[in-house]
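Chemist: One structure, as structure tokens, below. Some questions next.
The values are calculated or read from the model by the stated rules, or taken from the named source; none is laboratory data. Quick caveat, the model's predicted, so the values are computed rather than measured. Heads up, the Cβs are rebuilt from the backbone with ideal geometry, glycines too, and the neighbour counts pull from every protein chain shown. Side chains included, ligands, DNA and RNA excluded: accessible areas come from the protein's heavy atoms. Shrake-Rupley method; radii C 1.70, N 1.55, O 1.52, S 1.80 Å.
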Amino acid sequence: MIWMTWRQHRTTLFILAAVFLGLAAVFVAVTVSAGPVSEHPTNPTGIHELLYRLELVNEVLLPLPALIGMFLGAPLLAAEYEHRTVRYAWTQSVSRWHWLSTKLLLLGSAVVLLATAFSTTHMWWYTTAGAPHEGPFRIFNQGPLSFPAACLFAFVVGVAAGTVLRRTVAAMGLTIAGTWAASIVFVNWLRPNYMTPVTDANGASTSGGWFLSQTAVRPEDFVGVDSGGRINGLIPVTTFQPADRFWTFQVIEAGLYLGLTVACVAVAFWWVRRAVA
Amino acid sequence: MTQSAITARNLGRRYGRAWGLQHCSLEVPAGRVVGLVGPNGAGKSTLMNLMVGLLRPTTGELELLGERVGPNTVLERVAYIDQEHSLYRDFTVREMLTAGRVLNRRWDDKIATDRLAELGIPLTAKVGRISGGQRAQVALAVALAKQPELLILDEPVASLDPLARREMMSTLMAAKADHDCTIVLSSHVVSELERLCDYLVVLDHGRVQLLGDIDELLEQHRLLFGPAVTEDLVSAHQHVLHREDLNGRVSLLVRGIRPVGDPSWQVQRVNLEELVMRYLAMPSRVAEEVFA
């Protein structure tokens with residue numbers, strides 16, 4: 001089965017490896033060539049500015065996990081159904097269960113390795129040469145733990161979609177929709193609430209933390225230490241997640257993504273078990 | 001070798017509200033070449049899919065080579081080739097053999113390579129680039145390398161041109177001689193199977209209409225031709241299965257050999273195609289009574 005997995009998916013793996021390891025190499029190269037952190041300008045310039053701007057594309061469209069889901073996950077079963085090769089694959093001595101679990105395990109490991117290579121080098125670049133002053137929360141999606149977990153999730157969404165829909169293109173579409181919907185839910189509803197946000201009066205700096213909102217309250221409604229700052233007679237109050245919560249948040253988000261991954265894997269197995277080839 | 005290659009008891013498979021196969025009970029001895037015949041949609045593929053675990057039965061049970069077949073289980077001693085000879089088209093023939101080796105516990109590479117060398121099919125060719133006939137031969141070589149005791153082929157020649165059909169059939173006959181396995185193959189054309197098979201199962205509307213050793217079946221049935229006016233007198237002493245009107249004369253398919261006693265009537269042996277057609281033409285109920 002190891003040979004089968006390699007033979008059937010090597011082209012896709014080569015392309016994904018080229019993309020992820022290529023990006024990792026770029027981050028290593030520009031970080032090394034940037035020199036000591038103390039000499040960096042406050043705002044990214046040159047190549048760093050370019051990478052910084054490309055960051056936004058990744059942030060909004062989440063193309064990298066979706067890429068994995070579409071091209072590695074979705075065809076895993078859908079292509080076999082389309083070419084009717086399941087009828088060959090599932091009538092050999094190797095059971096469907098073994099067939100699917102080997103593929104998921106091997107390809108899933110490859111996904112995690114590639115994604116980790118990208119996310120760790122990216123983090124290194126961002127926090128040293130890219131935009132060290134902006135704090136880690138800005139690149140939370142590409143974080144060292146959450147990003148590989150999101151990639152793994154996208155992969156199994158693709159697998160589950162392909163198992164159910166049996167059409168590669170349809171499964172790709174569902175994969176994009178699924179990963180996108182998940183990321184919107186994570187960023188907007190779940191992530192801000194992993195821990196109770198800190199509220200700070202007087203517009204104190206979030207110091208690299210994640211800014212959530214700012215309101216103004218009347219002095220008579222204010223509870224807490226009032227340092228005297230006023231805007232139009234009101235006390236400005238900032239709500240944010242402090243920067244030192246970054247790793248805790250990474251662990252929580254990775255855990256949630258892994259939970260969803262397990263659910264998708266369960267769907268895929270359940271569907272394959274009862275599937276009529 | 002086991003006594004029975006296929007044993008089915010009240011096997012049934014329902015698709016939604018329609019039954020693809022129903023009340024299928026049969027026992028096929030090992031070592032035979034079994035022809036599974038019936039019109040399209042008769043349940044041939046359903047029965048074969050049940051045998052190789054691609055479908056799970058709605059009712060009943062199925063044993064192959066004395067072993068119970070559960071859902072999603074394929075017995076190691078069973079090989080299956082589907083209608084399209086589905087193989088990985090981007091694999092080379094050599095890679096297809098590697099796939100067979102890694103996916104099966106029983107595997108003899110030499111069986112496949114010898115066979116392919118004999119047919120002049122290069123191992124370096126891509127499966128998607130060779131002709132349909134050659135692809136069928138590759139599928140067969142890959143199946144035989146598993147050293148199956150039961151080889152199941154779903155419409156093995158339906159997609160092939162006449163020449164490739166002949167080649168495939170002779171390869172199958174040679175394979176039977178070399179490996180002594182039980183072979184089950186389906187077709188909706190009886191003449192395709194006549195040369196190869198020695199055992200027959202006729203399916204129609206998801207039910208078994210007729211089954212048995214082909215020579216015995218031909219021996220047990222006769223066609224009687226005579227004038228319609230004396231039909232009642234003659235048929236009173238016969239076990240008539242099916243009748244056909246031919247302009248004032250009738251042709252009766254009868255089971256068992258009894259004297260006719262009327263010189264205006266002719267008794268003829270029946271050929272396999274005629275026998276199958278007559279059985280497919282009779283209502284299911286009649287056929288069931290015969291085998292009750």
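Chemist: Working carefully through the options B:V208, B:V201, B:V254, find the one that is aliphatic (A, V, I, L, M), touching a Gly at 6+ places or on another chain (Cβ under 8 Å) and surrounded by 21 or more Cβ atoms within 10 Å (Cβ to Cβ).
Modeler: Every option except B:V201 fails the conditions.
Chemist: Moving on to the next point. Within the bounds of segment B:146-154, is there any residue that is surrounded by fewer than 19 Cβ atoms within 10 Å (Cβ to Cβ) and assigned to a loop (DSSP other than H, G, I, E, B)?
Modeler: yes
Chemist: Right, something else. I'd like the residue in segment A:69-80 that is closer than 20 Å to A:F269 by Cβ and more than 11 Å from every other protein chain (Cβ to nearest Cβ) and, out of all such residues, is nearest to the chain's Cα centre (by Cα).
Modeler: Among residues in segment A:69-80 that are closer than 20 Å to A:F269 by Cβ and more than 11 Å from every other protein chain (Cβ to nearest Cβ), the one nearest to the chain's Cα centre (by Cα) is A:G69.
Chemist: Restricting attention to segment A:240-265, report how many residues are touching a strand residue (DSSP E or B) at 6+ places or on another chain (Cβ under 9 Å) and either crowded, with 19+ Cβ neighbours inside 10 Å or part of a helix (DSSP H, G or I) (or both).
Modeler: Total satisfying the criteria: 6.
Chemist: I'm checking my understanding of the structure. Among residues of segment B:102-120 that are at the interface with chain A (Cβ under 9 Å from one of its Cβ atoms) and outside any loop (DSSP other than H, G, I, E, B), which one is surrounded by the most Cβ atoms within 10 Å (Cβ to Cβ)?
Modeler: Residue satisfying both the conditions and the ranking: B:L103.
Chemist: Can I ask one more? Pull up segment B:155-190, narrow it to residues that are β-branched (V, I, T) and open to solvent by less than 10 Å² (accessible area, probe 1.4 Å), then point me to the one that is nearest to B:P29 (Cα to Cα).
Modeler: B:T182
Chemist: Pull up segment A:266-277, narrow it to residues that are part of a helix (DSSP H, G or I), within 14 Å of chain B (Cβ to nearest Cβ) and out of contact with any Leu (no Cβ under 7 Å at 6 or more places or on another chain), then point me to the one that is farthest from A:L105 (Cα to Cα).
Modeler: Once the filter is applied, the top-ranked residue is A:R274.
Chemist: Further question on the same structure: Picking from B:T59, B:T98, which residue would you name as being within 13 Å of chain A (Cβ to nearest Cβ) and hydroxyl-bearing (S, T, Y)?
Modeler: B:T98
Chemist: Being open to solvent by less than 60 Å² (accessible area, probe 1.4 Å) and touching a His at 6+ places or on another chain (Cβ under 7 Å) is the filter here; which residues of segment B:257-274 pass it?
Modeler: Of everything in segment B:257-274, just one residue is open to solvent by less than 60 Å² (accessible area, probe 1.4 Å) and touching a His at 6+ places or on another chain (Cβ under 7 Å), namely B:V270.
Chemist: Of A:E55, A:E134, A:E49, A:E80, which residue is surrounded by 23 or more Cβ atoms within 10 Å (Cβ to Cβ) and acidic (D, E)?
Modeler: A:E80
Chemist: Within segment A:138-149, can one find any residue that is over 17 Å from A:L107 (Cα atoms) and among the β-branched types (V, I, T)?
Modeler: Looking through segment A:138-149, at least one residue is over 17 Å from A:L107 (Cα atoms) and among the β-branched types (V, I, T).
Chemist: Somewhere in segment A:90-99, is a residue β-branched (V, I, T), out of contact with any helix residue (DSSP H, G or I) (no Cβ under 7 Å at 6 or more places or on another chain), on the phi < 0 side of the Ramachandran plot and in the same structural domain as A:P65 (by TED's automatic domain parsing)?
Modeler: The answer is yes; a qualifying residue exists.
Chemist: Show the residue pairs meeting these rules: Cβ distance below 7 Å; 6+ apart or different chains; first residue within segment B:19-33 and buried (at least 20 other Cβ atoms within 10 Å of the Cβ); second residue of a type in the set (G, A, S) and not in a strand (DSSP E or B).
Modeler: Filtered contacts from segment B:19-33: B:G20/B:G43; B:G20/B:G206; B:L21/B:G43; B:L21/B:G206; B:Q22/B:G206.
Chemist: Any residue in segment B:77-93 that is open to solvent by 30 Å² or more (accessible area, probe 1.4 Å), more than 22 Å from A:E82 (Cα to Cα) and either without any contact (Cβ under 8 Å) to a residue 60 or more places away in the chain or over 27 Å from the mean Cα position of the chain (by Cα) (or both)?
Modeler: no
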